[in-house]
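Okay, so here's the structure we're looking at.
The values are calculated or read from the model by the stated rules, or taken from the named source; none is laboratory data. Treat the numbers as computed from the prediction; the structure is a model and nothing was measured. Using ideal geometry, Cβ is built from the backbone for each residue, glycine included, and neighbour counts are taken over all protein chains shown.
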Amino acid sequence: MSLQDKLADDLKQAMRERDENRKIALRLLRAGIVNEEVEKGHRLDDAEVMAVAARQAKQRRDSIEAFRAGGREDLVAQEEAQLRVLQDYLPQQMSREEIEQAARESIARTGAAGPAGMGAVMRDLMPRLKGKAEGSLVSQVVKELLSAQ
């Protein structure tokens, strides 16, 4: 069963159960997938569907931060619920310790020293962590490791 088929089944189930947050999140994800398919001109494979889900999850995280800053806890709760739904369709995220280990390996491989080497480390590291770790967290870990040198 493809990821898109699973999405369709999960949407039907959410509609039967009258789970509004799940239904909204899945409909938005399916709309994003359809838009991407129109743009690319072909049916998306599972990796491309996960990329759409990852972009939407990032949008939710950004919205959560903005709503928290604005004191809109009602909207924060709604976005967090939708983010939890999207995370069901993404690969397991790496822990901070796993990211640190991968970053140390990249620093050793690139020979980076100090904050000036951050670009080289990120270029080496991000393709290996794509979809497994949020870019802002990876950047923060790399910055901390290079600053401690």
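Among the conditions (1) among the aliphatic types (A, V, I, L, M); (2) surrounded by fewer than 14 Cβ atoms within 10 Å (Cβ to Cβ); (3) in contact (Cβ under 8 Å) with a residue 40 or more places away in the chain, V141 misses just one, which is (2). Of everything listed in (1) in a loop (DSSP other than H, G, I, E, B); (2) more than 30 Å from L146 (Cβ to Cβ), the single unmet condition for V85 is (1). The condition of being within 19 Å of the chain's Cα centre (by Cα) and under 16 Å from D88 (Cβ atoms) holds for only one of A66, A25, that being A25. Of the residues making up region 14-49, those that are free of Cβ contacts under 8 Å to residues at least 40 places away in the same chain, surrounded by 14 or more Cβ atoms within 10 Å (Cβ to Cβ) and charged (D, E, K, R) are D19, K23, R27, R30, E36, E37, E48. If you filter region 99-146 down to residues that are in contact with a helix residue (DSSP H, G or I) (Cβ under 6 Å, 6 or more places away or on another chain) and of a type in the set (S, T, N, Q), you find that the one that is modelled with the highest pLDDT is S106. If only one of A77, A66 is at pLDDT 90 or above, under 21 Å from G135 (Cβ atoms) and assigned by TED's automatic domain parsing to the domain that holds D10, which one is it? Among A77, A66, only A66 is at pLDDT 90 or above, under 21 Å from G135 (Cβ atoms) and assigned by TED's automatic domain parsing to the domain that holds D10.
Results for (1) within 21 Å of A14 (Cα to Cα); (2) surrounded by 14 or more Cβ atoms within 10 Å (Cβ to Cβ); (3) not small (G, A, S), shown as yes or no for each residue.
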residue	(1), (2), (3)
Q78	yes, yes, yes
L83	yes, yes, yes
L90	yes, yes, yes
A103	no, yes, no
A108	no, no, no
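Looking only at region 106-115, decide whether some residue is outside any helix (DSSP H, G or I) and closer than 28 Å to R60 by Cβ. No, region 106-115 contains no residue that is outside any helix (DSSP H, G or I) and closer than 28 Å to R60 by Cβ. Would region 118-133 turn up any residue that is assigned to a loop (DSSP other than H, G, I, E, B), farther than 25 Å from A8 by Cα, within 14 Å of the chain's Cα centre (by Cα) and outside the structural domain of L7 (by TED's automatic domain parsing)? So far as region 118-133 goes, yes, one or more of its residues are assigned to a loop (DSSP other than H, G, I, E, B), farther than 25 Å from A8 by Cα, within 14 Å of the chain's Cα centre (by Cα) and outside the structural domain of L7 (by TED's automatic domain parsing). The condition (being more than 30 Å from S2 (Cα to Cα), in contact with a Leu (Cβ under 8 Å, 6 or more places away or on another chain) and not charged (D, E, K, R)) is satisfied by just one residue among V85, V76, V52, V121: V121.
Go through region 36-63 and report how many residues are among the small types (G, A, S) and not in a helix (DSSP H, G or I). So the count comes out to 1.
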